[in-house]
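Some notes on the structure that comes next.
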Amino acid sequence: MGNDGHVVGVVEYDEAIAALHIQKACLIEHFKNFILNVRLCQAIGLNKDWEQILDEQFKDL
């Protein structure tokens, strides 16, 4: 299903579940990287707030 709520393709149940697991793993990895970047900036004394770090992380995608 697309962002607009319309069906864009039909897949098997196991393929859909596998795609959701991959999406979940990627989301967790990005969140872990975000937390690591925030902690590293704090540790080395950079004056960046979490919003700046998050913006930079999304630009890298």
Residue in the range 15-27 that is open to solvent by less than 100 Å² (accessible area, probe 1.4 Å) and touching a Lys or Arg at 6+ places or on another chain (Cβ under 8 Å) present: no
Asp49 without any contact (Cβ under 8 Å) to a residue 24 or more places away in the chain, of a type in the set (D, E, K, R) and either in contact with a Lys or Arg (Cβ under 7 Å, 6 or more places away or on another chain) or open to solvent by less than 90 Å² (accessible area, probe 1.4 Å) (or both): yes
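The values are calculated or read from the model by the stated rules, or taken from the named source; none is laboratory data. If you're wondering where the values come from, they're calculated on a predicted model, not measured in any experiment. With ideal geometry, Cβ positions are generated from the backbone for all residues, glycine too; neighbour counts draw on all protein chains shown. When the accessible area is computed, the model is the full protein with side chains, heavy atoms only, and any ligands, DNA or RNA have been set aside. Shrake-Rupley method; radii C 1.70, N 1.55, O 1.52, S 1.80 Å.
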